There are 2 protein chains.
Amino acid sequence: MQIGVDELKQVTLQVLASSGYPPDEATAILEVLMYAQLRGNNQGVVKLIGAGMPRDKAAKAISIAKDTKLSALVNGGKNTGMVVLSYATDLAIQKAHEHGVGIVGTNNTNTSTGAIGYYASRVAKQGFIGLVFAGSAEFMAMDGSYEALLGTNPLAYGIPTAGKPIVFDMATASIARFGIVEAKTAGRSIPEGVAYDAQGNITTDPAAALGGAIRVFGGYKGGALALLVEILTHPLVSTSPDATGRKTDWGNLIIAIDPELLADQDTFEARVSAFIERVKGSHKLEGVDEILVPGERGDRLLEQAESSGVVEIDEALWSALQQAIK
Amino acid sequence: MQIGVDELKQVTLQVLASSGYPPDEATAILEVLMYAQLRGNNQGVVKLIGAGMPRDKAAKAISIAKDTKLSALVNGGKNTGMVVLSYATDLAIQKAHEHGVGIVGTNNTNTSTGAIGYYASRVAKQGFIGLVFAGSAEFMAMDGSYEALLGTNPLAYGIPTAGKPIVFDMATASIARFGIVEAKTAGRSIPEGVAYDAQGNITTDPAAALGGAIRVFGGYKGGALALLVEILTHPLVSTSPDATGRKTDWGNLIIAIDPELLADQDTFEARVSAFIERVKGSHKLEGVDEILVPGERGDRLLEQAESSGVVEIDEALWSALQQAIK
């Protein structure tokens, strides 16, 4: 069904208010959720239904645990990941403006940061190259194993161009954990080959997969990329394990790099745009109508939503979202 | 067959001398080639046979085109990529020692840098996190296309640990271009699904693949990673196209980051090592004897070669290498 973008935002803000978020935090979270929702990314308002994402009652003010000219380590004070990583993004941008590079890590956050392309796009909109890495709890097995030790470990980049930034975000997992949760809720099976059950058998049963482990994408290459994200979002940012030694603290790392460190900004952006045009104009495989560059599909959906003022939403999701206002 | 490591090094140095390299450059190249050769990586001395890698007669001294506290753009003066990226690695390490971050780009280089894990490992041995990106000429098609526009665009990382660094290097291509050249020379076919012919048909004929395009690894995710590497190794480092607008100048980017920007070095390294131990001890899939972390297989081969003083080498390769001394 179609609903008004403004109405969707109002309802989302009401859900966030009734989930315990003060207005400034609700606004920050709304931006992340709308980035995903209006671009057709599955990390949108669906996060607010079911168990939702109630504010941690023990949350304290965000603080800076370590600070240098180029870097900061942010103690999230158990605030929600979206609020903490938004804060870290501002800080990384500020440091890149002042010194050319900003590297900011976060720990002690309350789970998901949502679609991390959002933070990368904010960096790229400032004219900087953005790299974002997000850790999570123990959901995914290393290549060769079926024991969940790694997070699903997404990474994202944002690149400024002469037009819109190029923004890409991907899990190093072969399926998002959220996709498995959704399948279980809907009574659907999951695709073949993306997860193991607790005994190490490939399974299409989402319940068995949740008790087992997600597979990395792309075999050993995906496993090695997942390990890099793991190291950057846990040991490097000093997340704390829980009392049993398991990871429950979701760390993040964001890096902003000023292209002027190496190039002339305008020339760099023009050359990126020219290369993108060349890629888009390259010979297409049979059955391919258009070569889309990272972020392009989402950008179009967003433009459509912004110009029409309405957006397509699943009816059951919209109903559940309204019911999530307590 | 087995030959002495010292003998292999001596012959390699002789080939390099007869390829026009002065002793300091030959030593730098030898290190890169031996890193690959002794670790079982296919970017070793095979690069010196056949057309080999003669020194460009027009090569000039390496110079610095742009310099900031944190960064430098290196004009390679048409020197071989291995010599130029070694120089850039030293510079990135020096800047990271002084300021916490070093970001060095190269352009105007003479083709391949060899196994880029080598440069990442040098950064990691200094206690820094190393990221290395290498551009190349137009060999690979974007996901959805069959026109060669991208390089095979490898990336590498190096991470210091309490023991040996973790070093990983991978092409974002589904096969190295060199693997296709090797197959053609040997009269072998290439694996199904890794390359297109000039008409966009999947081909297993290496000659057709060389006239067509290599496929990215991992579908759209691999394509997006390849695009990132492309942007970091061409527009960002100001490579020059040739007179027809095609890329013939292979750029590189190396980034060194001091973990002390965010963490305590020893704690960081100990935590990385502890996580690696956990991964290695995790439940193995049936048929998997051991879970190897990135670089581990190569490290073992290198240790074996160093302790025994001998290394396994293909007889035809050894013969061709000796004949390459002019």
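The values are calculated or read from the model by the stated rules, or taken from the named source; none is laboratory data. Note that this is a predicted model, so its numbers are computed, not measured. Because the Cβ atoms are built from the backbone with ideal geometry, glycine has one as well, and the counts that use them run over all protein chains shown.
With respect to the conditions (1) modelled with pLDDT of 95 or more; (2) among the aromatic types (Phe, Trp, Tyr); (3) not in a helix (DSSP H, G or I), A:Phe268 falls short on a single one, namely (3).
Listed here are the residues, each with its yes/no results for (1) among the small types (Gly, Ala, Ser); (2) more than 18 Å from B:Ser240 (Cβ to Cβ); (3) in contact with a helix residue (DSSP H, G or I) (Cβ under 9 Å, 6 or more places away or on another chain); (4) within 14 Å of another protein chain (Cβ to nearest Cβ).
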position: B:Gly77; (1), (2), (3), (4): yes, no, yes, no
position: B:Val84; (1), (2), (3), (4): no, no, no, no
position: B:Asp90; (1), (2), (3), (4): no, yes, yes, no
position: B:Lys95; (1), (2), (3), (4): no, yes, no, yes
position: B:Gly100; (1), (2), (3), (4): yes, yes, yes, yes
position: B:Ile103; (1), (2), (3), (4): no, yes, yes, yes
position: B:Ile116; (1), (2), (3), (4): no, yes, yes, yes
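Can you find, within the range B:202-244, the residue that is modelled with the lowest pLDDT among those that are at the interface with chain A (Cβ under 9 Å from one of its Cβ atoms) and assigned to a loop (DSSP other than H, G, I, E, B)? Restricting to residues being at the interface with chain A (Cβ under 9 Å from one of its Cβ atoms) and assigned to a loop (DSSP other than H, G, I, E, B), the top hit is B:Gly218. Can you name every residue in the range A:30-64 that is in contact (Cβ under 8 Å) with a residue 24 or more places away in the chain and more than 23 Å from A:Ala120 (Cα to Cα)? Passing the criteria: A:Ile49, A:Gly50, A:Gly52, A:Pro54, A:Arg55, A:Asp56, A:Lys57, A:Ala59. A Cβ distance below 7 Å, combined with a sequence gap of six or more or placement on separate chains, defines the contacts here; from the range A:307-326, residues that are buried (at least 16 other Cβ atoms within 10 Å of the Cβ) reach residues that are part of a loop (DSSP other than H, G, I, E, B) and of a type outside the set (Val, Ile, Thr) in the pairs A:Val311/A:Leu38; A:Ile313/A:Met1; A:Trp318/A:Met1; A:Ala324/A:Gly52. Count, please, the residues in the range A:229-256 that happen to be surrounded by fewer than 24 Cβ atoms within 10 Å (Cβ to Cβ) and free of Cβ contacts under 8 Å to residues at least 40 places away in the same chain. Of the residues in the range A:229-256, 5 are surrounded by fewer than 24 Cβ atoms within 10 Å (Cβ to Cβ) and free of Cβ contacts under 8 Å to residues at least 40 places away in the same chain. Checking B:Pro154, B:Pro235 one by one, the residue that is within 28 Å of B:Gly77 (Cβ to Cβ) and over 18 Å from the mean Cα position of the chain (by Cα) is B:Pro235 and no other.
Here B:Ile190 clears all of (1) assigned to a loop (DSSP other than H, G, I, E, B); (2) within 14 Å of chain A (Cβ to nearest Cβ) except the condition numbered (2).
Restricting A:Glu286, A:Glu290, A:Glu303 to those that are part of a loop (DSSP other than H, G, I, E, B), under 30 Å from A:Ile3 (Cβ atoms) and out of contact with any helix residue (DSSP H, G or I) (no Cβ under 7 Å at 6 or more places or on another chain) reduces the list to A:Glu290.
The set of residues in the range A:139-155 that are under 13 Å from A:Leu232 (Cα atoms) and of a type in the set (Gly, Ala, Ser) contains only A:Gly151.
Of the residues B:Ala305, B:Ala256, B:Ala263, only one is farther than 30 Å from B:Val15 by Cβ, at pLDDT 95 or above and in contact with a Leu (Cβ under 7 Å, 6 or more places away or on another chain); which?
B:Ala263
For the range A:139-192, a residue qualifies if it is touching a Lys or Arg at 6+ places or on another chain (Cβ under 7 Å) and surrounded by fewer than 24 Cβ atoms within 10 Å (Cβ to Cβ), and the qualifying residues are A:Phe139, A:Gly144, A:Leu149, A:Met170, A:Ser174. When we screen A:Gly40, A:Gly52 for residues that are surrounded by fewer than 19 Cβ atoms within 10 Å (Cβ to Cβ), in contact with a Leu (Cβ under 6 Å, 6 or more places away or on another chain) and modelled with pLDDT under 95, the only hit is A:Gly40. In summary, A:Ile291 fulfils each of the numbered conditions (1) farther than 30 Å from A:Leu236 by Cα; (2) out of contact with any strand residue (DSSP E or B) (no Cβ under 6 Å at 6 or more places or on another chain) with the single exception of condition (2). Scanning for something touching a Leu at 6+ places or on another chain (Cβ under 8 Å), in contact (Cβ under 8 Å) with a residue 40 or more places away in the chain and either surrounded by 24 or more Cβ atoms within 10 Å (Cβ to Cβ) or within 20 Å of B:Ile231 (Cα to Cα) (or both), does the range B:65-77 turn up at least one residue? Yes - at least one qualifying residue is present in the range B:65-77. Of the residues in the range A:173-190, at least one is among the basic types (Lys, Arg) and over 24 Å from A:Gly251 (Cβ atoms). Against the numbered list (1) over 20 Å from the mean Cα position of the chain (by Cα); (2) closer than 25 Å to B:Phe268 by Cα; (3) not acidic (Asp, Glu), A:Ala59 comes up short only at (2).
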